[in-house]
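As structure tokens, the structure follows; a few thoughts come after it.
The values are calculated or read from the model by the stated rules, or taken from the named source; none is laboratory data. As the structure is a computational prediction, the values presented were derived from the model and not from experiment. Note: ideal-geometry Cβ built from the backbone for every residue, glycine included; neighbour counts use all protein chains shown. The area values use the complete protein model at the heavy-atom level, side chains included, leaving out ligands, DNA and RNA. Shrake-Rupley method; radii C 1.70, N 1.55, O 1.52, S 1.80 Å.
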2 protein chains.
Amino acid sequence: MDKRKRLILHAIIQDYISSAEPIGSRTLVKRHQIDLSPATIRNEMADLEEMGYLQQPHTSAGRIPSPKGYRYYVNSILEDSSLTPQDLSRVEELISAAGISLSKNPRQLARLLAAVTSYISLIAEPSDNVQDIRHINLIPLSATSAICLVVLGDGTVKHHSISIPEGVTTQEIDALSVFINRRLQGVQLQHIDSRLLCSLRAEFAGNLSLVDDIFYMVRHLMVADGQELVMDGATNLLKEPEFKDVDKVRELFRTLEQNEQILKLMGSGSSRLEDLDIKIGPEMGLESFSECSLVVATFNLTDRKVTLGILGPARMQYAKTIGFIRWLREYFSSGGS
Amino acid sequence: MDKRKRLILHAIIQDYISSAEPIGSRTLVKRHQIDLSPATIRNEMADLEEMGYLQQPHTSAGRIPSPKGYRYYVNSILEDSSLTPQDLSRVEELISAAGISLSKNPRQLARLLAAVTSYISLIAEPSDNVQDIRHINLIPLSATSAICLVVLGDGTVKHHSISIPEGVTTQEIDALSVFINRRLQGVQLQHIDSRLLCSLRAEFAGNLSLVDDIFYMVRHLMVADGQELVMDGATNLLKEPEFKDVDKVRELFRTLEQNEQILKLMGSGSSRLEDLDIKIGPEMGLESFSECSLVVATFNLTDRKVTLGILGPARMQYAKTIGFIRWLREYFSSGGS
DNA sequence: TGTTAGCACTCTGTTCTATCGAGTGCTAAT
DNA sequence: ATTAGCACTCGATAGAACAGAGTGCTAACA
């Protein structure tokens, strides 16, 4: 790929990102004041298409970037992705409007991400399934309720209230506490499954409903608490011309409603804390996302980690989005809340 | 409104609900084997339109029900809204597939509602804002974390973990505990606002960040925990012909993203526990909902109340929806989980 | 007086055609 | 290697014609 081809590919992608319309040779020359004739550009375009970086919607239309084209753009062309002063001041304004609770309130954070990027924002707490249970503690609060504390391998403490059925004595609760600890200590969260529950129920002599409660609470730590997915800005994508067809929108949203798939998508390959992970269209392996791109990054907040994603059209403003995410990481790591 | 007009209105609404297309006199006669000529029906239709129960999309189209028409249908025509055996068995199948946790897990419940009705389901815990705080308790867990317990006026206990900044002594925590109790005891949740926070910060001499933490946690009880909104089935509405236009969809979803409005909508008029509340189109006062209807009901679950709503097109299958909600209430009150 | 047949009219949606315009690929000239 | 020229392609747009479903009105009828 020679320098001129890079330049042309860059120009086409930039134009297509902002216009959403196929770019022709003539238009390109005009808009970028290139010192070549349209015919030359056409030749280069034909080459780029042959190489797989561009595609043509129909025989006699301009070119649009292919997924491979976007990939090349993201990997090898994009350089400066710092925020413009305008963007920066807008972000700061939105942050101050959101209040103090950004890092504590995923919904607020999601709203901010969506507002800034004008794409869909996704926030997940990274999966803790390999954590093991260090200790489980039952603290009676009253005759009918107690708090169950779970201390995990890394020292984090989770807790949840459970209600105690009538007629259960303190002794029974103590016995249960001992039993639960003996059986669950050291068990990884990912192994809290229904098979385990069956064996628990078989082994324990006392009140089974309490065992159930505790079991589901611990399981909840893993599934719901540890893997909650917060989303915002779904309507933003409806502004994009690629989604003016309701059927596409329906397929897209239907996939979004299946949290597991999205969590999987955000989980895979996000191990690198350093930077961010970009998935373009077909790379996600979901038919309904074939015209989308997803930018995923994992953040260290003050007290925990979160994984966040920006889902936009494949024709996404990569520079701006990446710039914002990097800025946000900087913001949090330098004490922003 | 004489008997024949009722009959005709009923027939038109039924047909329109299932077909989504304006109903003409000829079609109506054929489909319902009415012993009158189309011309007579036309006269009656013209009357019904004059009375406000029907409207015409254009001069030479059939009639569709007006909001007033739906209102009359719901209030005065609808009688039998019990589930058909097929529906019933489908519901039971879905419930058993969902597992045990229906009444504990709002998301599961929302998913069920959406699946059964094929509309949008909304679940909110009813607002507890008038509750007052009876007691606040800080339980240190370790040097850097504690649990904050809040006992509300009705005896319910809420809790949340907070992290303790370095260098804060046990004495300070005790002092804070005393201070917080003195200042917040008896305060209603709805009065936990930023003005109160300011005066707290002004009065307290110790670590302000801890005050903030507790304050936001209590506030969270009210806003997020007490008023969380769970939604499912948004894609269902995209199947309906009235939403084949992306712009309408965008407006609708944009409104749905503003939880406060929806919560307000579900809160108003849902005081009657007995039955359910139906809001038709313009009655909701939201432009983007003008072609929708909302059915709201409040449920007594084993340990708490929830308000749930079904949002569908104004052309909703009212009988089925109402029947299902009544059945579900029966199911929960007779020990279903 | 309520009901109905007949008729002219209205309005939408569809299909077909013509046309415009942006863009391409190819060839030959520079 | 670059470019001017040219024939061709294809989508989008606009207009015309037409079919179909439905209405309102009038006059006849039981």
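Couple of notes before you dig in:
- Along its three principal directions, the equivalent ellipsoid of the stretch A:3-77 from the Cα gyration tensor extends over semi-axes of 16, 14, 12 Å, largest first.
- Carbon/sulfur fraction of accessible area - the stretch A:133-225, other protein chains in place, 1.4 Å, %: 53
- Solvent exposure of the protein assembly as shown amounts to 48 Å² per residue of accessible area, where only protein heavy atoms count and the probe is 1.4 Å.
- Take B:Glu92, push a point 7 Å out from Cα through the beta-carbon direction, and compare it with the same point in every other copy: 6.5 nm, smallest first.
- Three-way shape call for the stretch A:251-335 based on the alpha-carbon gyration tensor, with the a/c threshold at 1.5: prolate
- Out-of-range pairs (alpha-carbon distance over 18 Å; input A:Lys248/B:Lys244; A:Lys248/B:Lys320; A:Lys3/A:Lys279; A:Lys239/B:Lys244; A:Lys239/B:Lys279; A:Lys320/B:Lys248): A:Lys248/B:Lys320; A:Lys3/A:Lys279; A:Lys239/B:Lys279; A:Lys320/B:Lys248
- Assuming charge only on the beta carbon of Lys and Arg (+1) and of Asp and Glu (-1), the dipole of the stretch A:133-225 about its Cα centre is about 260 debye to the nearest 20.
- Shape category assigned to the protein assembly as shown from the gyration tensor of Cα positions, a/c cut at 1.5: oblate
- When the solvent-accessible area of the stretch A:3-77 is split by element, carbon and sulfur atoms take up 46 percent of it, the probe being 1.4 Å.
- For the stretch A:140-168, a decrease in accessible area of 30 Å² or greater in the assembled protein chains relative to the isolated chain, with a 1.4 Å probe, applies to A:Leu141, A:Ile147, A:Leu149, A:Val157, A:His159.
- Cut-off of 10 Å, at most 14 other beta carbons, DSSP loop: longest stretch of chain A lacking such trypsin sites (Lys or Arg not before Pro): A:1-238
- Chain A: most fluctuating residue of A:Phe243, A:Phe324, A:Phe289 per GNM, C-alpha cutoff 10 Å: A:Phe243
- Per residue, the convex hull volume that the Cα atoms of the stretch A:97-220 enclose (Å³): 138
- Cα centroids of the stretch B:1-40 and the stretch B:290-337: 29 Å apart.
- The orientation-averaged shadow of the Cα convex hull for the stretch A:66-122, equal to a quarter of the hull surface, comes to 5.1 nm².
- Share of pairwise Cα separations in chain A, more than 39 Å, in percent: 32
- Label point distance in nm, A:Lys305-B:Ser333, each placed 7 Å from Cα along Cα→Cβ: 4.9
- Top of B:Gly167, B:Gly62, B:Gly281 by mean-square fluctuation, Gaussian network on chain B, Cα under 10 Å: B:Gly167
- Euclidean distance of C-alpha centroids, the stretch A:44-77 and the stretch A:130-205, integer Å: 57
- Where A meets B: accessible area buried, both sides, 1.4 Å probe, Å²: 2600
- Taking A:Ala146, A:Ala20, A:Ala202 as the candidate residues, the one with maximal mean-square fluctuation in a Gaussian network model of chain A, Cα springs under 10 Å, is A:Ala202.
- A label point on A:Thr170, set 7 Å along the Cα-to-Cβ line, lies at 2.3 nm from each of its counterparts in the other copies, closest listed first.
- Here is how far apart the B:Arg304 label points are across copies: 1.7 nm, shortest first, using a point 7 Å from Cα toward Cβ.
- Full extension of the chain segment joining A:Arg42 with A:Leu78 gains 10.6 nm, where the gain is 0.36 nm per residue of separation less the Cα-Cα distance.
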